[in-house]
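Working notes, structure below.
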Amino acid sequence: MPTALTLLRDAHPRLRVHLTQAEPERALPALLARDFDLVIGEEYPGDPNPLPDALEAEDLCDDPLRLAVPAGPDLAGLSALAGHPFAMEPPDTAAGRWAMTLCRGAGFEPDVQFESTDLLLHVRLVEQGHAAALLPDLVWNGRPPTVPLRPLPGGRRARRLFTAVRRGRSRHPAIEACRRALRQATRPPS
């Protein structure tokens, strides 16, 4: 978001942006109620999030998800982490449900010792050897990862990021400007 906000400020200095972090159960009804003009949503593999008919979505990007492990002993893959502490998002979130399902599919119940929606906290816990975590690539914001990353089982694993607006509002100049800045900010570095 900071990169997108910088792009918006530079291109449209008079555009006022108010940012609120909220779970989809709150954000989408608030969008319908006109409390928000645009919502950035995410969808995890195997956990579709259908939108109400009064909203229209536009894909932003696919954000690959990887296993972040502490430096040191070779923890080759997810199943090698049975019994190892994890940092995860709460189980009532899409990310938390997906992570629990992924670990259970690898044959173990994860030892979730750290529960937070703050992905930077997850990164710091992994960096300092306290936990493993499942992190999206966008958390690195184009910089090199600070922890070893491993691929996830089952082939391609990515969360889908999208923007949603009320039907008929997608051509509003402020919406177009925000979506353009978000696309630029999430574009992989060249």
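Values in this text are rule-based calculations from the coordinates and carry no lab data. As the structure is a computational prediction, the values presented were derived from the model and not from experiment. Cβ coordinates were reconstructed from backbone atoms using ideal geometry, including for glycine residues, and neighbour counts include every protein chain displayed.
Among 33, 177, 158, the residue with the largest mean-square fluctuation in a Gaussian network model of the chain, with springs joining Cα atoms closer than 10 Å, is 33. Here the simple spin-label model places points 7 Å from the Cα toward Cβ, and for residue 35 and residue 183 these points are separated by 3.0 nm. Shown is the FRET efficiency for residue 19 and residue 79, computed with R0 = 30 Å from the Cβ-Cβ distance and rounded to the nearest 0.05: 0.20. Sort out for me the Cα centre separation of the range 1-15 from the range 24-44, rounded to whole Å. Measuring centre to centre over Cα atoms gives 21 Å.
Per-residue ellipticity at 222 nm computed for the chain from its helices equals -8500 deg cm²/dmol, with DSSP H segments shorter than 4 residues left out and the rest contributing -39,500 (n - 2.57). The GNM of the chain, with springs linking C-alpha atoms under 10 angstrom apart, assigns the highest mean-square fluctuation among 51, 102, 65 to 51.
Applying 1/(1 + (r/R0)^6) with r as the Cβ-Cβ distance of residue 104 and residue 169 and R0 = 45 angstrom yields a FRET efficiency of 0.70.
In the range 92-189, Cα pairs under 8 Å separated by at least six residues give a relative contact order of 18 percent.
Quick one: work out Rg over Rh on the C-alpha atoms of the chain, Rh as Kirkwood radius. Result for the chain is an Rg/Rh of 0.99.
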